[in-house]
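> Before I ask anything, let me first share the structure, which is written out below as structure tokens.
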Amino acid sequence: MNTMLRKSVLGIAGLAFTGGVFAGPIAAHAAEPVHSSKPVAVAVQGAQSKIDLNDEQLANAKAIIAATKKAGLPERAAVISIATSLQESKLENLGHLGDRNDHDSLGLFQQRPSSGWGTPEQITNPEYSTLAFLKGLKQVDGWQDMPLTEAAQTVQVSAYPDAYAQWEQQAADIVAHNWNS
């Protein structure tokens, strides 16, 4: 390729690159939806699941939100907590399930008395179990900025570490709808 043609091609490529560097962030911002009152979800991962909630499940979600506020934590902590409970129990305060039980797991978060989460009575108390979960969450460095599934897994140590992610959108919607009520 002759020198003149090569300089022209490189010049055009340079302009295209520069335009992309400067216009890319502007175009990316223009494509982002604006969420006014919803807590910001950090990188919702994968396909999302959703279930219809009955009155008991909604009451448990509201109890998680109230406990999060009591702990002085932000909406993001409530989103992580509710998504975790959706995965672990579908927001149902589960007692002993007999042969279907995973070890001695109980409550909204399927916490185990044998693992030091508390007594069966404590673990099946929505406020107590949420505060216990949040205590674990606060010990995770950077939990506020990490993907939900990573934060939840660090606290829960589940056999299915990526399963929490599927509930992030529903949890964010529940928190957005109930945080100020």
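> I'd like the FRET efficiency for residue 121 and residue 56, computed as 1/(1 + (r/R0)^6) with the beta carbon distance as r and R0 of 22 Å, rounded to 0.05.
Values: r = 18 Å, r/R0 = 0.84.
Here the calculated transfer efficiency is 0.75.
> How big is the accessible area of residue 181 in square angstrom, nearest 10, if you roll a 1.4 angstrom probe over the protein chains?
Its heavy atoms expose roughly 110 Å² to the probe.
> Here is a further query. Residues with amide H under 5 Å of residue 107's amide H, sequence separation 5 or more or different chain, H placed in the peptide plane at 1.01 Å from N; which?
When sequence neighbours closer than 5 places are left aside, the close amide H contacts are 94, 95.
> Let's test the formula: R0 of 25 Å, r as the Cβ-Cβ distance of residue 135 and residue 48. What FRET efficiency results, to the nearest 0.05?
Values: r = 28 Å, r/R0 = 1.11.
My answer for the efficiency is 0.35.
The values are calculated or read from the model by the stated rules, or taken from the named source; none is laboratory data. Please read all numbers here as calculations on a predicted model, not as lab measurements. So basically every Cβ, Gly included, is an ideal-geometry build from the backbone, and we count neighbours across all protein chains shown. Keep in mind that these areas ignore ligands, DNA and RNA; they rest on the heavy atoms of the full protein, side chains included. Shrake-Rupley method; radii C 1.70, N 1.55, O 1.52, S 1.80 Å.
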